[in-house]
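S.K.: First, the structure itself, so that you have it in front of you.
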Amino acid sequence: MQNKGKYYLTTAIAYTSGKPHIGNNYEVVLADSIARFKRKEGYDVFFQTGTDEHGQKIELKAQEAGITPQEFVDGVAGTIQGLCDLLHISYDKFIRTTDPDHERQVQKIFKRLYDQGDIYKGAYEGLYCTPCESFWTESQLVDGKCPDCGREVKPAKEEAYFFRMSKYADRLIKHINEHPEFIQPVSRKNEMMNNFLLPGLQDLCVSRTSFKWGIPVDFDDKHVVYVWLDALTNYITGIGYDAEGNSSDRYKKLWPADLHLIGKDIIRFHTIYWPIFLMALGEPLPRQVFGHPWLLMSGGKMSKSKGNVLYADDLVDFFGVDAVRYYVLHEMPYDNDGNVTWELIAERLNSDLANTLGNLVNRTISMSNKYFGGVVADKGVCEEVDADLKNTVTGAYAKVAEKMETLRVADALTEIFGIFKRCNKYIDETEPWVLAKDEAKADRLSTVLYNLVEGIVIGASLLEPYMPETAEKIVEQLNTSLRGFDQLEQFGLYESGTRVTEKPTILFARLDVKDVLQREEEIARAMMEEAGEENAGEGNSGEENSGEQEVIDLAPKAEISYDDFAKMQFQVGEILRCEAVPKSKKLLCSQVRIGSQVKQIVSGIKAHYSPEEMVGKKVMVLVNLKPATLAGVVSEGMLLCAEDADGNLALMAPEKEMPAGAEIC
């Protein structure tokens with residue numbers, strides 16, 4: 001395929017405070033599928049990922065472990081890179097912010113920005129979140145806690161260097177308005193403009209003195225460079241940028257980046273701070289920043305202490321690499337959070353990978369061996385039904401490429417599996433086992449099997465960026481090779497007379513859900529035991545815990561009869577969509593599936609749940625509440641919540657997985 005020029009792609013670099021979970025690994029798998037796809041399209045791809053290794057949190061973790069910060073990050077960085085390799089991530093560079101060349105350039109960048117007046121020395125006083133390494137004002141807090149992670153903040157004051165953000169704000173606003181593709185999805189752009197840029201930017205703290213684990217400011221060694229100026233510049237230092245004007249040929253070729261792929265939680269740093277740093281350095285801005293959603297566990301964030309963290313190595317050990325890659329790519333919506341559980345992965349493996357794909361390949365090879373000794377030959381005996389199969393197969397690449405152009409990777413995979421579904425339907429339409437009973441139809445049977453093999457080869461060639469190991473296994477059994485994208489709109493390139501493997505191997509074995517849940521339970525139990533050991537003795541200053549738990553007593557209401565209770569209909573609902581009610585500070589409007597119906601329910605829980613958190617949750621619903629209009633929006637029921645003494649709310653959810661519509665009695 002013709003060379004289409006360079007394509008520079010990056011992920012956010014992973015913070016080395018601990019082992020990342022599958023929600024973190026999703027990003028590198030997503031980036032890898034894009035990088036592989038672009039390579040097959042003919043682009044000269046450079047794909048960079050890596051680790052962010054400085055900061056106060058790392059320093060504290062190392063102290064707790066009784067080792068140096070460098071020893072600590074070496075171990076965690078090795079784990080992170082090992083997980084990338086396990087997941088078959090085809091990165092071209094794995095950068096570490098402790099790399100000497102990166103550290104030298106950060107010092108040069110800091111000095112240059114200071115010399116030109118963009119950085120100045122001052123003092124900072126505010127509320128500091130250690131995990132996020134961010135200062136906040138009182139007005140920026142949410143319920144008195146960090147707006148990014150929800151953890152406690154503490155007052156802090158220290159001498160610091162600051163970057164003059166406001167100097168470049170108008171220029172950045174102009175760039176965003178003139179380049180609508182710069183921040184994607186659009187919802188992220190609106191958030192940045194309305195919540196941060198338009199209200200006015202404060203100057204940014206870019207150095208710290210309260211800890212030492214960072215890159216020293218070489219002209220003022222009391223200070224270390226603050227994490228974001230250090231971490232964000234990896235995108236240019238990793239490809240040879242030099243602040244003194246001696247940048248490498250690689251840098252001149254690759255920059256600006258074509259895509260920064262990051263989590264939605266750090267979109268502000270990449271679409272406000274990073275572009276302004278680049279403007280100050282006189283460098284062009286990246287072409288696009290895509291803030292992907294989160295992968296949640298059963299609708300909530302993962303927590304090791306709850307035993308609900310999923311790690312890639314555990315999942316790969318049980319399901320296999322490509323099954324894990326397929327699930328996280330296929331099940332993540334474009335701009336809403338996705339959901340993952342062991343059971344959901346098993347269900348998707350059984351339905352899509354074992355049935356739709358694996359069974360198709362196995363049946364086709366088995367029939368070729370049974371009827372023709374494994375020889376696949378095109379006898380040219382065509383019928384009307386063949387045309388639709390060929391159109392579906394040869395038309396798939398254009399549809400997939402269109403989806404990938406807008407980074408709708410899940411939709412691209414759906415298009416590819418449309419090939420395999422159409423091939424399965426073709427088997428039902430042509431009934432090879434019936435054709436085999438009539439010797440006069442042997443050539444027609446041979447043509448049918450040839451068409452199936454050709455369809456599978458084209459489908460596997462499209463599947464390669466997403467499931468590279470599986471794609472190779474498929475064509476190996478068909479005794480051919482994967483094709484370039486420039487060959488996928490032609491039908492009939494499989495060499496007639498080729499002999500397929502004699503004994504097809506099972507690509508994906510069906511799983512028993514009981515075995516899956518047993519393995520999940522074993523890992524969760526081990527995880528909670530480990531978390532318990534790590535937390536033993538913490539939080540009580542050596543005092544004994546009384547074992548008493550907080551309780552709440554409510555004033556009793558008037559008694560009701562069973563008949564009164566029986567009038568209320570409670571069912572399990574699944575939240576399909578959720579959005580804030582306009583002009584309301586408290587209300588969310590949810591579309592809730594209950595059985596085969598979808599009800600609209602308005603709830604005063606905006607202070608406790610974001611619309612994105614709501615999607616996918618299974619909740620308890622009072623179904624037959626008389627409809628009411630709240631803030632101009634009709635509500636057709638009520639979501640049940642628990643409330644503590646401080647007014648915090650928690651949605652009530654079934655203890656075990658239950659279908660939408662299940663009766664609560």
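S.K.: Could you list, in sequence order, the residues of the stretch 315-352 that are among the β-branched types (V, I, T), modelled with pLDDT of 95 or more and surrounded by 22 or more Cβ atoms within 10 Å (Cβ to Cβ)? Break it down stepwise before answering.
M.R.: If we filter the stretch 315-352 for residues that are among the β-branched types (V, I, T), which is where we start, we get 316, 321, 324, 328, 340-341, 345.
Then keep just the ones that are modelled with pLDDT of 95 or more; that gives 316, 321, 324, 328, 345.
Result: V324, V328, I345.
S.K.: If you don't mind, another one. What do you reckon, is K441 among the basic types (K, R), touching a Leu at 6+ places or on another chain (Cβ under 9 Å) and either crowded, with 19+ Cβ neighbours inside 10 Å or under 16 Å from E41 (Cα atoms) (or both)? Break it down into steps so the answer makes sense when it comes.
M.R.: Numbers: among the basic types (K, R): yes; touching a Leu at 6+ places or on another chain (Cβ under 9 Å): yes; either crowded, with 19+ Cβ neighbours inside 10 Å or under 16 Å from E41 (Cα atoms) (or both): no.
Here the answer is no, as K441 does not meet what is asked.
Let's see how each residue does on (1) aliphatic (A, V, I, L, M); (2) surrounded by 19 or more Cβ atoms within 10 Å (Cβ to Cβ):
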residue: N190; (1), (2): no, no
residue: V206; (1), (2): yes, yes
residue: Y226; (1), (2): no, yes
residue: Y241; (1), (2): no, yes
residue: K253; (1), (2): no, no
residue: I262; (1), (2): yes, yes
residue: I272; (1), (2): yes, yes
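S.K.: Residue under question is Y161, and the condition is that it be among the aromatic types (F, W, Y), out of contact with any helix residue (DSSP H, G or I) (no Cβ under 8 Å at 6 or more places or on another chain), within 21 Å of Q56 (Cα to Cα) and outside the structural domain of R408 (by TED's automatic domain parsing); does it hold?
M.R.: Numbers: among the aromatic types (F, W, Y): yes; out of contact with any helix residue (DSSP H, G or I) (no Cβ under 8 Å at 6 or more places or on another chain): no; within 21 Å of Q56 (Cα to Cα): yes; outside the structural domain of R408 (by TED's automatic domain parsing): yes.
Criteria not met by Y161.
S.K.: Within the stretch 208-233, track down each residue that is modelled with pLDDT of 95 or more, part of a strand (DSSP E or B) and in contact with a helix residue (DSSP H, G or I) (Cβ under 8 Å, 6 or more places away or on another chain).
M.R.: P216, V225
S.K.: If you don't mind, there's one more thing I want to ask. Count, please, the residues in the stretch 610-648 that happen to be surrounded by 19 or more Cβ atoms within 10 Å (Cβ to Cβ), within 28 Å of F565 (Cβ to Cβ) and β-branched (V, I, T).
M.R.: The qualifying residues number 3.
S.K.: What residue, of E384, E402, is over 30 Å from Y43 (Cα atoms), surrounded by fewer than 15 Cβ atoms within 10 Å (Cβ to Cβ) and not small (G, A, S)?
M.R.: On the way: E402 fails: over 30 Å from Y43 (Cα atoms).
That would be E384, the only listed residue that is over 30 Å from Y43 (Cα atoms), surrounded by fewer than 15 Cβ atoms within 10 Å (Cβ to Cβ) and not small (G, A, S).
S.K.: Follow-up. Of all the residues that make up the stretch 405-434, how many are surrounded by fewer than 14 Cβ atoms within 10 Å (Cβ to Cβ) and at positive phi?
M.R.: Qualifying residue count, the stretch 405-434: 1.
S.K.: Return the residues of the stretch 150-165 that are closer than 23 Å to T209 by Cβ, surrounded by fewer than 16 Cβ atoms within 10 Å (Cβ to Cβ) and not charged (D, E, K, R); say none if nothing qualifies.
M.R.: P155, A156
S.K.: Okay, moving on. So which strands (runs of 3 or more DSSP E) stay within the stretch 616-656 end to end and still have 1 or more residues that are of a type in the set (V, I, T)?
M.R.: Numbers: elements: 618-622, 628-630, 633-635, 641-643, 649-651.
By residue number, 618-622, 628-630, 633-635.
S.K.: Also: Give the number of residues within the stretch 361-409 that are of a type in the set (A, V, I, L, M) and free of Cβ contacts under 8 Å to residues at least 24 places away in the same chain. Step through it out loud before you land on a result.
M.R.: Quick first cut of the stretch 361-409, residues of a type in the set (A, V, I, L, M) only: 361, 365, 367, 375-377, 381, 385, 387, 389, 393, 396, 398, 400-401, 404, 407, 409.
When the remaining residues are screened for being free of Cβ contacts under 8 Å to residues at least 24 places away in the same chain, the result is 387.
Adding up the residues that qualify gives 1.
S.K.: Right, next: Take the stretch 35-82 and flag every residue that is farther than 30 Å from A398 by Cα and crowded, with 22+ Cβ neighbours inside 10 Å. Outline the logic, then answer.
M.R.: Of the stretch 35-82, the ones farther than 30 Å from A398 by Cα are 50-82.
Answer for the stretch 35-82, where residues must be farther than 30 Å from A398 by Cα and crowded, with 22+ Cβ neighbours inside 10 Å: G50, T51, D52, E53, H54, G55, I58, P69, F72, V73, I80.
S.K.: Considering only the stretch 78-96, state which residues are assigned to a helix (DSSP H, G or I), under 16 Å from G238 (Cβ atoms) and β-branched (V, I, T). Full working, then the answer.
M.R.: Kept after step one, since they are assigned to a helix (DSSP H, G or I), are these residues of the stretch 78-96: 78-86.
In the following step, the residues that additionally are under 16 Å from G238 (Cβ atoms) were identified as 80-81, 84.
Once the filter is applied, which keeps residues that are assigned to a helix (DSSP H, G or I), under 16 Å from G238 (Cβ atoms) and β-branched (V, I, T), the stretch 78-96 yields only I80.
S.K.: Does G418 satisfy being touching a strand residue (DSSP E or B) at 6+ places or on another chain (Cβ under 6 Å) and closer than 16 Å to I456 by Cβ?
M.R.: Here the answer is no, as G418 does not meet what is asked.
S.K.: State yes or no: is E520 part of a helix (DSSP H, G or I) and among the charged types (D, E, K, R)?
M.R.: On the way: part of a helix (DSSP H, G or I): yes; among the charged types (D, E, K, R): yes.
Yes.
S.K.: Can you find, within the stretch 382-428, the residue that is modelled with the highest pLDDT among those that are under 13 Å from F37 (Cβ atoms) and among the hydroxyl-bearing types (S, T, Y)?
M.R.: My answer is Y397.
S.K.: If you go through the stretch 234-253, how many residues are part of a helix (DSSP H, G or I) and within 32 Å of the chain's Cα centre (by Cα)? Spell out how you get there, then give the answer.
M.R.: To start, the set of residues in the stretch 234-253 that are part of a helix (DSSP H, G or I) comprises 234-237, 249-253.
Next, from what is left, pick out any that are within 32 Å of the chain's Cα centre (by Cα): 234-237, 250-253.
Adding up the residues that qualify gives 8.
S.K.: Here are the criteria: (1) touching a residue at least 40 places away in the same chain (Cβ under 8 Å); (2) surrounded by 14 or more Cβ atoms within 10 Å (Cβ to Cβ); (3) of a type in the set (S, T, N, Q). Tell me which single one Q116 does not satisfy.
M.R.: Result: Q116 passes all but (2).
S.K.: Return the residue satisfying two criteria in turn: it lies in the stretch 47-77 and is of a type outside the set (D, E, K, R), out of contact with any Ser or Thr (no Cβ under 8 Å at 6 or more places or on another chain) and assigned to a helix (DSSP H, G or I), and of such residues it is farthest from L232 (Cα to Cα).
M.R.: Keep residues of the stretch 47-77 that are of a type outside the set (D, E, K, R), which gives 47-51, 54-56, 58, 60, 62-63, 65-70, 72-73, 75-77.
Remaining after also requiring out of contact with any Ser or Thr (no Cβ under 8 Å at 6 or more places or on another chain): 55, 63, 65-69, 75.
Next, from what is left, pick out any that are assigned to a helix (DSSP H, G or I): 63, 65, 69, 75.
On the way: Q63: 26, A65: 27, P69: 20, G75: 22 Å.
Selected residue: A65.
S.K.: Which count do you get for residues in the stretch 122-146 that are surrounded by 13 or more Cβ atoms within 10 Å (Cβ to Cβ) and touching a Phe, Trp or Tyr at 6+ places or on another chain (Cβ under 8 Å)? Please lay out each step first, then the result.
M.R.: First, the residues of the stretch 122-146 that are surrounded by 13 or more Cβ atoms within 10 Å (Cβ to Cβ): 124, 126-136, 140-141, 145-146.
Okay, now just the ones that are also touching a Phe, Trp or Tyr at 6+ places or on another chain (Cβ under 8 Å), so 124, 126-129, 133-136, 146.
The total comes to 10.
S.K.: In the stretch 208-219, how many residues are surrounded by fewer than 23 Cβ atoms within 10 Å (Cβ to Cβ) and in contact with a strand residue (DSSP E or B) (Cβ under 8 Å, 6 or more places away or on another chain)? Can you show your working first?
M.R.: We begin by selecting, within the stretch 208-219, every residue surrounded by fewer than 23 Cβ atoms within 10 Å (Cβ to Cβ); these are 209-212, 216, 218-219.
Okay, now just the ones that are also in contact with a strand residue (DSSP E or B) (Cβ under 8 Å, 6 or more places away or on another chain), so 209-212, 216.
Of the residues in that region, 5 qualify.
The values are calculated or read from the model by the stated rules, or taken from the named source; none is laboratory data. Quick caveat, the model's predicted, so the values are computed rather than measured. Quick reminder, even Gly has a Cβ in these numbers, built from the backbone with ideal geometry, and neighbours come from all protein chains shown.
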